[in-house]
Amino acid sequence: MSGSTHLTFWRHWVQQPQKTWLRRALFQVHLWSGITVGLYILIVSVTGSVLVYRNELYRAATAEPIISKSLEPRLTDDQLKDAAKRLYPGYRVERLGRALDLDQAVDVWLSRGDAIKKRLFDPRRGSDLGDSVPTGIWLVSKLSDLHDNLLAGPTGRKVNGGGAVAILAVAVTGLAIWWPGIKTWHRSLLLHRGVGWKRWTWHLHSMVGFWSFGFVLVFAVSGIYLGIPQPFLDLADQLEPPAATNAGVRIGDQVIYWLAYLHFGRINGIGIPCSGPGLCDQATKAIWAVFGLAPAAMAVTGVLMWWNRVLRPRLAGPRGPTRPRTGI
């Protein structure tokens, strides 16, 4: 590309990007990447925002300990195991755990083949008191596994890494095609009234994409690391080979640490940039939760725009000549 051609291209990009071939190409990449991983984006976005409050959810789901009110003597471990096996014939006791308060319900794990039961038993009567894992704890745990591993273990985590690459591609191409031209760029920063719901959806998509870009970029890059960490570790070793003198202080290690830190917005309930629980911590979590929903909002509005501009006209059939569309 010659200098004059290069200058002309960028002049068109600055003034009327819709007419450049690069913008049209990026739009197609953005469109089909978004359609391909739209459902995935919706799932990880919503679950991620909810799991910002993972610790609070676990605390809320944790039931009060069950204390035996019986006056009978406490059963020994062997007696409790016999009671459990009588109630669950064919099962083998794998674990029996007592709390510091010996009158608190005893946690007994039983197995038969691949089946595992985790039950609570009265330490004095030997009666079954129910699941040792409350339903709320189980739901939060499954939600966490869905977000982290797509319920598929290490394989799901690697797929998550690939999904984060796709989200990164959608975000970067989205920022490029967001630019509407030097005369109208400010219109894409806010919502507008009286434009009809279809145009309003486009403005919402554009506005959310712009203001949330930094957060989505962090979520995507850190998601790639959490799903596929080895390339990041190898790069850190290449840039700064490990040695006794730089153990724990390498820049690459600090960057990797902050990638994981920024992904969640908190570690053990401590938020960024807060030093402990409190208003700052809760405000930080709220910000992370709100911006964590941005990819979901983008996916929903993107599908609506695709329906309005592509699918709906095709399903409706030919209705005579229409004006060509030059926008998104």
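Computed from the coordinates by the stated procedures, all read-outs in this text should not be read as laboratory data. Every value quoted in this text rests on a predicted model; they were computed, and no experiment measured them. All Cβ positions, even for glycine, are placed from backbone atoms using ideal geometry, and neighbour counts span all protein chains on display.
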Residue among Gly317, Gly38, Gly265 with the largest mean-square fluctuation in a Gaussian network model of the chain, springs linking Cα atoms under 10 Å: Gly317
Cα Rg, Dmax (largest Cα-Cα span) when computed across segment 157-257, Å: 19.2, 65
Rounded tilt (10° steps) of 196-211 against the dominant C-alpha axis of the chain: 70
Karplus 3J(HN,Hα) series, Hz, for segment 34-47 with 6.51 cos²θ - 1.76 cosθ + 1.60 (x for Gly, Pro): x, 5, 5, 10, x, 5, 4, 4, 4, 5, 5, 5, 5, 5
Cα pair distances of segment 99-222 binned at 10 Å [whole percent]: 11, 22, 20, 16, 13, 11, 6, 1
Cβ-based exposure ranking for Ile182, Ile41, in which fewest neighbours within 10 Å come first: Ile182, Ile41
Exposure proxy ranking, count of Cβ atoms within 10 Å, fewest first, for His192, His12, His205: His192, His12, His205
Within a Gaussian network of the chain (alpha carbon springs, distance under 10 Å), most fluctuating of Leu75, Leu217, Leu31: Leu75
Equivalent ellipsoid semi-axes, segment 223-312, via Cα gyration tensor eigenvalues times 5, rooted, Å: 35, 23, 7
Share of Cα-Cα pairs in segment 1-91 lying beyond 24 Å, as whole percent: 67
In segment 147-206, trypsin sites (Lys or Arg not before Pro) in a DSSP loop with at most 14 other beta-carbon atoms within 10 Å: Lys183, Arg193
Anchor Lys183: lysines whose Cα lies under 19 Å away (excluding residues fewer than 8 positions away in-chain): Lys19
Relative intensity, log₁₀ I(q)/I(0), of segment 77-133 from a Debye sum that treats every alpha carbon as a point, q = 0.20 Å⁻¹: -0.62
Cα centroid of segment 1-73 to Cα centroid of segment 288-314, whole Å: 11
Within a Gaussian network of the chain (alpha carbon springs, distance under 10 Å), most fluctuating of Gly163, Gly130, Gly90: Gly90
In Hz, Karplus ³J(HN,Hα) per residue of segment 157-172 (6.51, -1.76, 1.60; θ = phi - 60°; x = Gly, Pro): 5, 5, 4, 4, x, x, x, 5, 4, 5, 5, 4, 5, 4, 5, 5
Sorted by Cβ neighbour density within 10 Å, fewest at the top, the residues Glu94, Glu64: Glu64, Glu94
Theoretical ellipticity at 222 nm over the chain - DSSP helices of four or more residues, -39500 (n - 2.57) apiece, nearest 500: -19000 deg cm²/dmol
Greater than 27 Å apart at Cα, pairs in Lys117/Lys285; Lys118/Lys142; Lys158/Lys198; Lys142/Lys198: Lys117/Lys285; Lys158/Lys198; Lys142/Lys198
Approximate shape of segment 62-157 as ellipsoid semi-axes (Cα gyration tensor, √5λ), whole Å, largest first: 29, 17, 9
Trypsin sites (Lys or Arg not before Pro) within segment 1-81, DSSP loop, no more than 11 other Cβ atoms inside 10 Å: Lys69
Enclosed volume per residue, in Å³, of the convex hull spanned by Cα atoms of the chain: 255
Gained length - Gln282 relative to Trp200, 0.36 nm times residue gap less alpha-carbon distance: 26.4 nm
FRET efficiency, 1/(1 + (r/R0)^6) with R0 22 Å, evaluated for Ala152 and Leu235 via beta carbons: 0.25
For Leu129, distant residues with modelled amide H under 5 Å away: Leu120, Phe121, Asp122
Net charge over other residues, Cβ less than 13 angstrom from the Cβ of Pro242 (K, R count +1; D, E count -1): -3
Nonlocal amide H pairs with Ile182, under 5 Å, H built at 1.01 Å: Gln15
